[in-house]
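Enquirer: Can you keep this structure in mind? I'll have questions shortly.
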Amino acid sequence: MAAESSLARLLKPVAGLEPAMSISDVADRLLTSEHKTFLSLPVVDAEARPLGLVSRYTLQDIFMQRFGRDLWGRRPVSEVMNGSPLVLSLEMSLEQAAKQITAELQYPITEDFILVDAGGRYQGLGTVLDLLKAMELRIAQRNQVLRKALVDLRESQAQLVQSEKMASLGQMVAGVAHELNTPLGYVKNNVQLLDQLTAPLTELARSQAALADCLRDPDCDEQRLGDALDAAAAMREQVAPELLAEDLRQLFGDTLYGLEQIGELVAGLKDFARLDRAMSEEVDLNDCIRSALLIARNHIKDKAEVVQQLGELPRVACAPSQINQVLLNLLTNAAQATVGFGRIQIKSWAEADWVCISVQDSGCGMAPDVVRRIFDPFFTTKPVGEGTGLGLSISYKIIQDHGGSIRVASEVGRGTRFLIRLPRVQAREMKRSA
Ligand SMILES: Nc1ncnc2c1ncn2[C@@H]1O[C@H](COP(=O)(O)OP(=O)(O)OP(=O)(O)O)[C@@H](O)[C@H]1O
Ligand SMILES: [Mg+2]
């Protein structure tokens with residue numbers, strides 16, 4: 001890297017001039033084609049130490065004077081050289097050289113710069129134009145690297161947002177699966193019980209059918225009729241339909257209740273995961289709250305009591321699945337912050353221009369230096385594997401894309417309150433969020 005960025009690439013080997021060389025000879029040398037590209041030529045001593053630079057312009061000035069060549073032509077070049085030329089070491093990086101040249105270069109540019117080795121011995125000249133070209137190339141390369149880094153960064157940001165979405169989806173699916181398990185379990189039990197309880201009913205029906213057949217049969221003798229009557233009576237006693245009726249009613253009722261609960265959960269799930277086909281869907285945010293609570297219930301129920309105070313809300317245009325994601329994240333955070341068994345209060349109300357939702361917990365709260373950073377991506381105080389620290393930063397972006405705001409107030413040991421405000425009317429087409 002050092003070699004690549006050193007000034008060696010700019011080095012143009014040009015023979016140095018002896019200080020005693022005459023001005024006329026130097027002027028002639030400057031006219032030769034191999035020296036045409038240079039603004040100046042170096043003057044070096046016997047040990048190859050640079051003494052100065054003779055500029056093409058200085059010589060032109062001299063020769064433009066009346067009798068200039070006659071008066072000055074034979075004098076040594078050392079008399080008209082710049083004795084403090086720009087001298088750069090070949091060890092320098094391109095950036096260092098550029099810095100020094102821009103600091104020391106005089107306008108108009110009438111000279112090149114001298115390049116020396118580590119021992120200070122003259123090696124050749126460098127031109128400002130070459131330096132500019134090298135710098136431009138370097139900047140173009142850097143830009144390309146930066147552009148690529150930006151693309152990579154955007155890609156990984158999109159991937160992270162996606163994985164956070166998947167994580168909340170996973171969390172939601174796990175919650176719902178758990179919620180479905182309870183009613184499913186007792187619906188299954190009830191159906192097994194119903195199966196056992198109703199089995200003797202078929203026996204009863206069969207014995208009563210046999211009795212009816214006997215009664216209808218003119219050839220049936222008394223003995224057969226008596227047996228059929230006894231069998232039917234015994235069966236009736238065994239089944240005790242009047243007692244069974246009550247059990248069956250109860251079991252069917254419970255089973256139906258369980259099925260309704262399952263139906264409710266499935267409907268909630270459908271609501272929650274509603275695709276954003278219409279970003280401007282008119283939504284009652286209380287439905288979002290109920291849906292998020294349903295999904296989070298499993299997560300919260302052992303940690304806190306949930307108190308809902310949902311006011312009447314006008315419908316607002318929003319992407320419901322995104323708002324659900326925000327609410328789920330706030331509720332999950334609140335549950336994770338509880339100490340012992342806490343309380344989570346969720347309120348909604350309408351203001352003149354806004355619809356507001358607050359989620360307040362009685363959890364551990366946050367110190368001011370934590371509060372300052374909670375919306376930063378990847379900021380988490382949770383152990384590795386438990387939190388990615390993306391929940392609130394994504395929530396912030398979602399609410400911002402909806403033209404709303406999300407604010408927080410917190411006190412260590414007392415709890416935290418998040419307040420979301422969404423505009424009643426969307427000012428303009430919502431930005432599509434990632
Ligand atoms: N209700 C709250 N009470 C106390 N601290 C909170 C609360 N909500 C958020 N925080 C703090 O803010 C941090 C960032 O929250 P955020 O939801 O962005 O990420 P996370 O919960 O740590 O991880 P993830 O949401 O990705 O699982 C949390 O680690 C926590 O320190
Ligand atoms: Mg979180």
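The values are calculated or read from the model by the stated rules, or taken from the named source; none is laboratory data. Since the model is a prediction, treat every value here as computed from it, not as a measurement. All Cβ positions, even for glycine, are placed from backbone atoms using ideal geometry, and neighbour counts span all protein chains on display. Remember, those area values only see protein heavy atoms, side chains included, never the ligands or the DNA or RNA. Shrake-Rupley method; radii C 1.70, N 1.55, O 1.52, S 1.80 Å.
Enquirer: Solvent-accessible area per residue for the stretch 1-54 at a 1.4 Å probe radius, Å²?
Expert: Using a 1.4 Å probe on heavy atoms only, each residue of the stretch 1-54 averages 52 Å².
Enquirer: Also: Please report, in debye to the nearest 20, how large the charge dipole of the stretch 1-116 is about its Cα centre when each Lys and Arg carries +1 at its beta carbon and each Asp and Glu carries -1 there.
Expert: For the stretch 1-116, the charge dipole is close to 320 debye.
Enquirer: Now for a different question. What percentage of the solvent-accessible surface of the stretch 282-356, computed with a 1.4 Å probe over protein heavy atoms, is contributed by carbon and sulfur atoms?
Expert: About 45 percent, which is the carbon plus sulfur part of the accessible surface.
Enquirer: Could you state how much accessible area Phe379 has, in square angstrom rounded to the nearest 10, with a 1.4 Å probe and all protein chains kept in place?
Expert: Rounded to the nearest 10, that gives 40 Å².
Enquirer: In debye, nearest 20: dipole of the stretch 276-423 around its Cα centre with unit charges on the Cβ of K, R (+) and D, E (-)?
Expert: 380 debye
Enquirer: Mind pulling the angle between the C-alpha long axis of helix 285-300 and the longest principal axis of the chain? Nearest 10 degrees, somewhere in 0 to 90.
Expert: Tilt relative to the chain: about 80 degrees.
Enquirer: Would you mind checking Lys303/Lys397; Lys301/Lys397; Lys12/Lys99 for any pair whose Cα atoms are more than 26 angstrom apart?
Expert: Beyond 26 Å between Cα atoms: Lys303/Lys397; Lys301/Lys397.
Enquirer: Still on this structure, I have one more. How much of Lys36 can a 1.4 Å solvent probe reach, expressed as accessible area in Å² and rounded to 10?
Expert: Answer for Lys36: close to 140 Å² accessible.
Enquirer: Tell me, what is the FRET efficiency for Phe63 and Arg138 to the nearest 0.05, using R0 = 35 angstrom and their Cβ-Cβ distance as r?
Expert: The computed FRET efficiency comes out at 0.35.
Enquirer: Relative to the longest principal Cα axis of the chain, at what angle does helix 128-216 sit, 0 to 90 degrees, rounded to 10?
Expert: 10 degrees
Enquirer: Averaged per residue, what accessible surface does the stretch 276-423 expose to a 1.4 Å probe, in Å²?
Expert: 46 Å²
Enquirer: Right, another one. Ignoring ligands, DNA and RNA, please state the percent of accessible area on the stretch 110-170 from carbon and sulfur, probe 1.4 Å.
Expert: Within the stretch 110-170, the accessible surface is 62 percent carbon and sulfur.
Enquirer: Just need the relative contact order of the chain here, percent rounded to a whole number, with Cα pairs under 8 Å and 6+ apart.
Expert: Result for the chain is 10 percent.
Enquirer: Moving on. With a ≥ b ≥ c taken as the square roots of the eigenvalues of the C-alpha gyration tensor of the chain, please select rounded if a/c is under 1.5 and otherwise prolate if a/b is larger than b/c or oblate if it is not?
Expert: prolate
Enquirer: Per residue, what accessible area does the stretch 73-211 have, given a 1.4 Å probe and all protein chains present, in Å²?
Expert: 62 Å²
Enquirer: Can you show me the helix-derived [θ] at 222 nm for the chain, built from DSSP H runs with n ≥ 4 at -39,500 (n - 2.57) apiece and divided by the number of residues, rounded to the nearest 500.
Expert: Only helices count here, giving -18000 deg cm²/dmol.
Enquirer: If R0 is 60 Å, what FRET efficiency do you get for Glu203 and Ser156 from their C-beta distance, rounded to 0.05?
Expert: According to the calculation, E is roughly 0.30.
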